[in-house]
Structures are given as C-alpha cells and as structure tokens.
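Report on one structure; see the data block that follows.
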Amino acid sequence: VDSVAAYRSDFALFPEFFNAPLMAKYNHMYEPDAIRELAKYTKVIVEKMQQLSISYNINIITGSMPEIIDNKLFNVGYLCRRDGSLERYEKIHVTPDEAKIWGMQRGHKLQTFETDAGKIGVLICYDSEFPELSRLLAEEGMDILFVPFLTDTQNGYSRVRLCAQARAIENECYVAIAGSVGNLPNVNNMDIQYAQSAVFTPCDFSFPSNGIKAEATTNTEMILVADVDLSLLRELHSFGAVKNLKDRRKDFYDVIRVNK
C-alpha cells in the first residue's frame, strides 16, 4: 500500500487469498479446519486495511479472504474506501476444489460500488468466467472491473485472463486482474501459484490495439501501476467502431437478476 500510494494511485488491488501463507501454522490440521483458522484473521486484516486506506488516501480492494458466517465458510473481500467506509463482496461461483476440499459455500451478493474515482465492480477469480455477472454490473454503469484471482496452473490462469479480456470488450470497461506468485510448500492445497497481473481495455481506436494497458512479468513478484482514462469509455459508448453495449438485441435476449 505504501508503494502504490507513492504513485498517487486511486486503487490498490490485492489477490485472492493473498493471506494464505498464514495457513502454514495450521498445516498439520485437516484442510477444512486449517482454512477456518485462516478465517479468524479476516476481521483484523480488514480493520488494518481500513486504517491504511485512510492514512494513505487510497481505495483498497482487499482481494479475498475466507470468512465464517453462521458456521458457513465463504470467500469474500472488502472495498475499503479512503473516506473510511466499507463494502463487502462475495464469490458467487466457488470452484469444485473449494467446495470439495474446504467446504466453501456459494455467495449471493453482487453489486457495483460508487467511489471517488468511478463506479467499480469486483468478481473473484472463477466469477470472471461467467459473463452474466459482469453484464449485470455493466448494466449498473461499471467503469472498472477488479478481478482478484488465485490460479496454480497456466491453464487456470489462461481461463481467468482470457475471460477478463472478453469482459473488457463486451462491457466496454477496464478490467484489472491481480494474482499471487511463488510457492507455498508448507500449505496443503496451496502449494504452487501461476500468475501475471494485468490491466485490460476495450479494443478500439482510443485504446491499445491488443486491449492490454499494462501487464506484469509472469510469475515474478512485482507491483503493477497503470493509468486509465474513464472519459475514453464515455466516448467509446457513443462513437466506438462497434458498440457492444448499445447493440445488444434486448428484443431477442436479456440477462436478468433473480431475487430469492
């Protein structure tokens, strides 16, 4: 946070399960119990992130952490605004591994968040592979989609990356992805990581021709800093070579939210 704030950044994005190294202390335990021990750190980490967002004047997206509610385990994260306010988001689609190994439950919370630097949305890892979620967020006027992720293989990473690029094009928004690199040999089910953090854009004349604003070095620990211009999105919506949002055939199909 100190490093990113030095560049006067408006947002800092952490990866999914960025605090996983803390599980090494509990590696002797049954995996569902170990992840629940990790969940005990979530409250104090969020409180610290809140303090950092205020003191460093930066909006922090905390990636994700395990959280227990009514004895059920969820994969969640928080938006810590620099004005001190706090918002919570959940992983809607848990992976088969999360469900089988940890007993992780599916979330039900999806919304955009107003910030002093634009309207944002957050989808955790696997959620980015379901276009309906980001389309609902785009309907609410999302400017930037943040995707904290954790992948252990290049296949898994490619799924997240390629889907994130598609989300940027189809929803005419910026997409920032952040993942963890390095190995955790002392944490079961978290042994290896594969990642390359990046910022993606729509593909049109005002943006990079390949839709990549910036990207980190693969599997290298580093901080990625990128500038994006929200006014270019407004121009794209009206004057783009193609208009992915305006040209949807709502007379033929639609994406709706089901409230239960």
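The values are calculated or read from the model by the stated rules, or taken from the named source; none is laboratory data. As the structure is a prediction and not an experimental result, all values here were calculated from the model. Cβ: placed from backbone, ideal geometry, glycine included. Neighbour counts: every protein chain shown.
Are any residues in the stretch 105-135 touching a helix residue (DSSP H, G or I) at 6+ places or on another chain (Cβ under 8 Å), part of a strand (DSSP E or B) and either farther than 16 Å from F11 by Cβ or free of Cβ contacts under 8 Å to residues at least 60 places away in the same chain (or both), and if so, which ones?
G121
Just to be sure I understand, how many residues within the stretch 168-189 are over 22 Å from A12 (Cβ atoms), in a loop (DSSP other than H, G, I, E, B) and hydrophobic (A, V, I, L, M, F, W, C)? Steps first, please.
First, the residues of the stretch 168-189 that are over 22 Å from A12 (Cβ atoms): 169-172, 183-189.
Checking which are in a loop (DSSP other than H, G, I, E, B) leaves us with 172, 183-189.
When the remaining residues are screened for being hydrophobic (A, V, I, L, M, F, W, C), the result is 184, 187.
Number of matching residues: 2.
For the stretch 1-16, which residues satisfy the criterion of being over 17 Å from M222 (Cα atoms) and surrounded by 13 or more Cβ atoms within 10 Å (Cβ to Cβ)? Steps first, please.
Step one: list which residues in the stretch 1-16 are over 17 Å from M222 (Cα atoms), which gives 8, 10.
Scanning the stretch 1-16 gives a single hit, D10.
Could you check Y26 against (1) over 20 Å from the mean Cα position of the chain (by Cα); (2) closer than 26 Å to S85 by Cβ; (3) of a type in the set (S, T, Y) and say which number it fails?
It is condition (2) that Y26 fails.
Do you know which residues across the stretch 150-175 are at negative phi, in contact with a Lys or Arg (Cβ under 9 Å, 6 or more places away or on another chain) and in contact (Cβ under 8 Å) with a residue 60 or more places away in the chain?
Answer for the stretch 150-175, where residues must be at negative phi, in contact with a Lys or Arg (Cβ under 9 Å, 6 or more places away or on another chain) and in contact (Cβ under 8 Å) with a residue 60 or more places away in the chain: E170, N171, C173.
Kindly check whether there is at least one residue in the stretch 248-258 that is touching a Pro at 6+ places or on another chain (Cβ under 8 Å) and either loosely packed, with under 13 Cβ neighbours inside 10 Å or of a type outside the set (V, I, T) (or both). Talk me through it step by step, then tell me what you get.
Within the stretch 248-258, the first condition is being touching a Pro at 6+ places or on another chain (Cβ under 8 Å), and the residues that meet it are none.
No, the stretch 248-258 has no match at all.
Would you be able to tell me the number of residues in the stretch 92-106 that are touching an Asp or Glu at 6+ places or on another chain (Cβ under 6 Å) and at pLDDT 95 or above? Outline the logic, then answer.
So the first thing to find is which residues in the stretch 92-106 are touching an Asp or Glu at 6+ places or on another chain (Cβ under 6 Å), and the list is 92-93, 101, 104.
Of the ones still in play, those that are also at pLDDT 95 or above are 92-93, 104.
Number of matching residues: 3.
Take G211 and tell me if it is in contact (Cβ under 8 Å) with a residue 40 or more places away in the chain and within 23 Å of F11 (Cβ to Cβ).
Numbers: in contact (Cβ under 8 Å) with a residue 40 or more places away in the chain: yes; within 23 Å of F11 (Cβ to Cβ): yes.
Yes, satisfied.
Regarding the stretch 245-260, can at least one residue be identified that is over 28 Å from A195 (Cβ atoms), assigned to a loop (DSSP other than H, G, I, E, B) and of a type in the set (F, W, Y)? Even if it seems obvious, please write down each step before you answer.
Keep residues of the stretch 245-260 that are over 28 Å from A195 (Cβ atoms), which gives 245-260.
So of that shortlist, the ones also assigned to a loop (DSSP other than H, G, I, E, B) come out as 245-260.
From what is left, the residues that are of a type in the set (F, W, Y) are 252-253.
Yes: one or more hits.
Is the stretch 190-204 home to any residue that is in a loop (DSSP other than H, G, I, E, B), surrounded by 17 or more Cβ atoms within 10 Å (Cβ to Cβ), at positive phi and in contact with a helix residue (DSSP H, G or I) (Cβ under 6 Å, 6 or more places away or on another chain)?
Filtering the stretch 190-204 for residues in a loop (DSSP other than H, G, I, E, B) gives 190-197, 201-204.
Restricting the remaining residues to those that are surrounded by 17 or more Cβ atoms within 10 Å (Cβ to Cβ) gives 190, 193-197, 201-204.
Subsequent filtering for residues that are at positive phi retains none.
Looking for residues that are in a loop (DSSP other than H, G, I, E, B), surrounded by 17 or more Cβ atoms within 10 Å (Cβ to Cβ), at positive phi and in contact with a helix residue (DSSP H, G or I) (Cβ under 6 Å, 6 or more places away or on another chain), one finds none in the stretch 190-204, hence no.
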